[in-house]
1. Less than 18 Å from a label point 7 Å out along the Cα-to-Cβ axis of A244: which backbone N atoms in region 172-208 qualify, by residue?
2. Sort 179-188, 255-264, 281-290, 268-277 by the packing proxy (mean of other Cβ within 10 Å over each peptide's residues), most packed first.
3. What residues from region 76-96 fall in the zone where the backbone N is under 11 Å from a label point 7 Å along the Cα-to-C-beta line of E105?
4. By per-residue mean of other Cβ atoms within 10 Å, what is the highest-first order of 53-60, 245-252?
5. Quick check: residue separation of F132 and R50 times 0.36 nm, minus the Cα distance between them. What number comes out in nm?
6. Please compute the modelled spin-label separation between D333 and S86, points set 7 Å along Cα→Cβ, answer in nm with one decimal.
7. Would you work out the relative contact order for region 103-225, in percent, from Cα pairs under 8 angstrom that are 6 or more residues apart?
8. Cut-off is 10 Å between beta-carbons; in what order do M165, M129 appear when sorted fewest neighbours first?
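Quick note: the coordinates plus some simple rules give every number you see, no bench work behind them. Everything quoted here is computed from the prediction, not taken from an experiment. We place every Cβ from the backbone using ideal geometry, glycine too, and count neighbours over all the protein chains shown.
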Amino acid sequence: MRERIVAPTAYSLEEEKIMVSLRPTRLAEYIGQAKVVEKLAVSLAAAKGRGEAHEHVLFYGPPGLGKTTLAHIIANELGTKLVCSSGPSLQRTGDLMGILTNLGEGDVFFIDEIHRLSPAVEEFLYPAMEDFKIDFVVDKGAFARIINMPLKRFTLIGATTRAGMLSAPLRGRFGIFHHIDFYPVDELARVIRRSAGLLAIKITDDACGELARRSRGTPRIANRLLRRVRDYSQVKGSGEIDLAAVNGALEMEGIDALGLDSLDRKFLLTMINFYSGGPVGIEALAATLNEETDTLEEMVEPFLLTIGFLQRTRRGRMVGKAAYRHLGLSRDDANNYPQERLL
Ligand code: ADE
């Protein structure tokens, strides 16, 4: 996929470094997700009070909303070590064995994109999560034996964009589930205000609000846009970010009033133009757009679904009424849309 300024995942190591510097390290600093924060405060205090490892936690929700940040906060609050990995990078059971056997009492092991674990690695994780032991086979054939190795009691934190893609046995081994949802505009404005403070950026209140409205409910996107608007304002404006700087910078980036970019618009317009607004299957759409279905499902659809621009029905995806209005179209325009405006 080409780089999108509104991609909810970090797209470079450099950006990851900046994001890390903006990340809250304590629960008290974390803005938004009030219910999750409240429940975490209780489970953390309880585990600490009992001197036990915290229960295994699964965070699920769209990318860029702070699942990794929360894992860091949990380890910080517990005063234990955090080891980070991800489903796609844990290829072999040997890798996992190395990590698990090195965990200390109460340490936190974070697996991002946990729905992408291979079946063998996932199965290896079951006894580790449940009984804090690992089983591995030594020798071969008639001499094969299972060796049982105890582990320290650790906390597994899993993050996934799709809880539905987790197998039932893996899901069943988590004790606590937290859904992380898109941030409302006022909370996102507070995130932007905090980041601006940390980066010594001056920004007016209305600019902060406008940026929040156009960051599709995602702190990572808000922080990225904040840096783009800072550049714009430094070069073309006064240095302080005002509404004009936000509008100018986002127009240059092709981001509209609701935070949609060209891929979002192309996605909706393709449904309208080629498939009469739906219902259409995601595979057909992906083929027409020349994108991966995973990209569309994880990076494009979640926000469009939340704002009612897209509906998922059993027969396929459909464009919502609000999307037609936003694009300045009516449902009669379906299939009659001029091809050149798709580009
Ligand atoms: N930076 C990114 N996400 C944040 C959040 N939820 N609270 C505070 N700062 C953040």
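1. Only 202-208 fall inside the zone, counting backbone N under 18 Å.
2. 268-277, 255-264, 179-188, 281-290
3. none
4. Working: 53-60: 21.8, 245-252: 19.8.
Ranked from most to least packed, the peptides come out as 53-60, 245-252.
5. Working: separation 82, 0.36 × 82 = 29.52 nm, distance 1.83 nm.
Contour length minus Cα-Cα distance gives 27.7 nm.
6. Output for this residue pair reads 3.7 nm.
7. About 24 percent, as a whole number.
8. Ordered from fewest to most neighbouring Cβ atoms within 10 Å, M165, M129 come out as M165, M129.
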